[in-house]
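Accompanying notes for the structure given below.
The values are calculated or read from the model by the stated rules, or taken from the named source; none is laboratory data. Given the structure is predicted, the values throughout are model-derived calculations rather than measurements. When we count neighbours, we look across all protein chains shown, and the Cβ atoms used for this are built from the backbone with ideal geometry, even at glycine. In case anyone asks, the SASA skips ligands and DNA or RNA and just uses the protein heavy atoms, side chains included. Shrake-Rupley method; radii C 1.70, N 1.55, O 1.52, S 1.80 Å.
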Amino acid sequence: MSQHYNRFLKLLERWPVDQSKIGRDLGQYLRDQLKAVLGGANIIAVNDERLFKQYQSLENIVNDVHLRAHPRSLSSTATGLTGEQCRGVLSSEFLEEVNRK
């Protein structure tokens, strides 16, 4: 099972953690799930085929496989904001500010 753990660790090294989304970041969630599934006493219950498929899917995301296969022709989003503006709106600080108001 350590082979799976090492492969996932190498994959997650390439998956950044967004510090502006503490407690809501996908990279951190994936790291927590890896510890829960492969780092605990329930290692025997892990389905190798399912785990391999999950690894392949995450690797496709990290390597931008679908982004390269289907490039975007526009740089804006459905809201009309840029990617950087969307990141700012989704940050924890912005959500805290909205909740205060």
Worksheet entry | Top-ranked residue in segment 10-27 [being open to solvent by 70 Å² or more (accessible area, probe 1.4 Å) and without any contact (Cβ under 8 Å) to a residue 60 or more places away in the chain; ranked as nearest to the chain's Cα centre (by Cα)] | LEU26
Response to the item:
Taking segment 66-101 and keeping residues outside any helix (DSSP H, G or I), of a type in the set (A, V, I, L, M, F, W, C) and more than 22 Å from GLY23 (Cβ to Cβ) leaves LEU74, ALA78, LEU81
Worksheet item: Name the residues in segment 62-101 that are of a type in the set (Asp, Glu) and closer than 30 Å to LYS10 by Cβ, would you?
Response: ASP64, GLU84
Worksheet item: Name the residues in segment 53-92 that are more than 17 Å from the chain's Cα centre (by Cα) and surrounded by 11 or more Cβ atoms within 10 Å (Cβ to Cβ), would you?
Response: SER76, THR77, LEU81, THR82, GLN85, GLY88, VAL89
